[in-house]
Amino acid sequence: MRIDFWIITAVHFLCRSGRITAVLSVMLFSALATLVFLSSLAVGINDAMIHSSVSLYSGHITGFDLPESVTPQSLRVTGVQQVLKRVPVPGIASAAGRSEALTLVGIDFEEEITSAAVWKKTVSGRLPKKGEPALFLGKSLAETLTVGPGDRVLFSPGTPSAALHLTVCGVFETGIFRFDRALAFCPGKVLPRETGRWEAAVFLEDGIRTRDIIAVYRHRFSSAYRFSSWEELMPDLRQLIDLNVISMSIVTTLVFSVVSIGIACALVIFLLKNMREYGIMKAMGATAGELALLIYAKVFLITLANCLSGCLAGTFLVWIVGKTGIDLTSFTSHNQYFAVSGVIYPRLTLFSLGAPPLAAFLFSLPAAAWPTSLLIRKKTADIMRSL
């Protein structure tokens, strides 16, 4: 069996039946280009949710209850962009006869604004200055205490430390309850010295996996220290990302299921139109395997050509849209996973670029089984008599 001969013959059949070839090409090309872009857009949505969630405050990795012997510098390993030190102190805030439980976090605002985005959510006032006995709190907490910039708040920590008198300097609003109601911030030097323990917010460089950095930390420090990735701290976000991947896989499967039916129908029409040629080939001694190879070669060639052109077109579309992004702020303004930004930047990955052409071949090649079985079962004599 000369495979090259049947491949060349398949090319001649495709070129001669230009209309059917064009219909199949348009169908495959449009499906592939669209799915490559949609898959990249789904990846971009996942990226936006992760970026907004980790850059708002927590970072990619959070270290809990760390001693003073563990310094931020010791956590700055290869792949780590920034390490922020935070000293949480639970207590009660009181003002104007009202009280509210909260966690006051001592931070270095000059370092915080380089990585965290919660400070961009300021709705009134300003950020505290270094060493200033000032309080930066959420809008919901400010409304509960009926305070604003310039008002005084008494903070009583849960430890025997003396109460702190702080002046509200700014108010922020993220739309997330645990930020706007349960947290407040002040310069770290204002807090009592006996707190001793601190939390780390570790921000990673692009492309660095959290588990790799955590593995380095566990090797370097005692196993008693707890380092948790955003995947552990936000399982709902992890599930939402997995759901997006599954949904895109289902869409890809459904699209090519429909496309494969169209390919099968077009091939049957193709077969009936060229039945005379197939009958002559069978009369000249072409075997069932050779005729099957001819049909599958046509499907393979047309699928391959459109996979290449469709993926190229989808990649170009991703590149064009990726320059400016798609602004979905009006549709995500109340979504906590888009608290920082609602702009989506589609991104090509192995999944977004590889899944559509793989699905095209998985569904297109079986679509040739029906017309192939029709041709093989039909007797040569019956074909010749019908001409």
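The values are calculated or read from the model by the stated rules, or taken from the named source; none is laboratory data. None of these values were measured; they are calculated from a predicted model. Glycine also receives a Cβ, built like all others from the backbone with ideal geometry; neighbour counts cover every protein chain displayed.
Screening residue 109 with (1) touching a Lys or Arg at 6+ places or on another chain (Cβ under 6 Å); (2) within 26 Å of residue 53 (Cα to Cα) gives one miss only, at (1).
So that you can scan it fast, the table gives a plain yes or no per residue for (1) more than 27 Å from the chain's Cα centre (by Cα); (2) crowded, with 18+ Cβ neighbours inside 10 Å; (3) in a helix (DSSP H, G or I):
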| site | (1), (2), (3) |
| --- | --- |
| 269 | yes, no, yes |
| 279 | yes, yes, yes |
| 299 | yes, yes, yes |
| 303 | yes, yes, yes |
| 307 | no, yes, yes |
| 321 | no, no, yes |
| 331 | no, no, yes |
| 358 | no, no, yes |
| 363 | no, yes, yes |
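Of the helices (runs of 4 or more DSSP H) entirely within region 111-226, those holding at least 2 residues that are within 20 Å of residue 59 (Cα to Cα) and touching a residue at least 60 places away in the same chain (Cβ under 8 Å) occupy 210-220. Of the numbered criteria (1) more than 18 Å from residue 85 (Cβ to Cβ); (2) within 33 Å of the chain's Cα centre (by Cα); (3) of a type in the set (Ser, Thr, Tyr), the one residue 103 fails is (1).
Does at least one position in region 317-337 carry a residue that is assigned by TED's automatic domain parsing to the domain that holds residue 30, within 27 Å of residue 261 (Cβ to Cβ) and not β-branched (Val, Ile, Thr)? Don't jump to the end; show me each part of the working.
Within region 317-337, the first condition is being assigned by TED's automatic domain parsing to the domain that holds residue 30, and the residues that meet it are 317-337.
Narrowing further to those that are within 27 Å of residue 261 (Cβ to Cβ): 317.
Remaining after also requiring not β-branched (Val, Ile, Thr): 317.
Within region 317-337, one or more residues are assigned by TED's automatic domain parsing to the domain that holds residue 30, within 27 Å of residue 261 (Cβ to Cβ) and not β-branched (Val, Ile, Thr).
Looking only at region 21-30, decide whether some residue is surrounded by fewer than 18 Cβ atoms within 10 Å (Cβ to Cβ), more than 20 Å from residue 318 (Cα to Cα) and free of Cβ contacts under 8 Å to residues at least 60 places away in the same chain. Yes, region 21-30 contains a residue that is surrounded by fewer than 18 Cβ atoms within 10 Å (Cβ to Cβ), more than 20 Å from residue 318 (Cα to Cα) and free of Cβ contacts under 8 Å to residues at least 60 places away in the same chain. Within region 235-274, being farther than 25 Å from residue 38 by Cβ and either at pLDDT 80 or above or aliphatic (A, V, I, L, M) (or both) holds for 235, 267, 268, 269, 271, 272.
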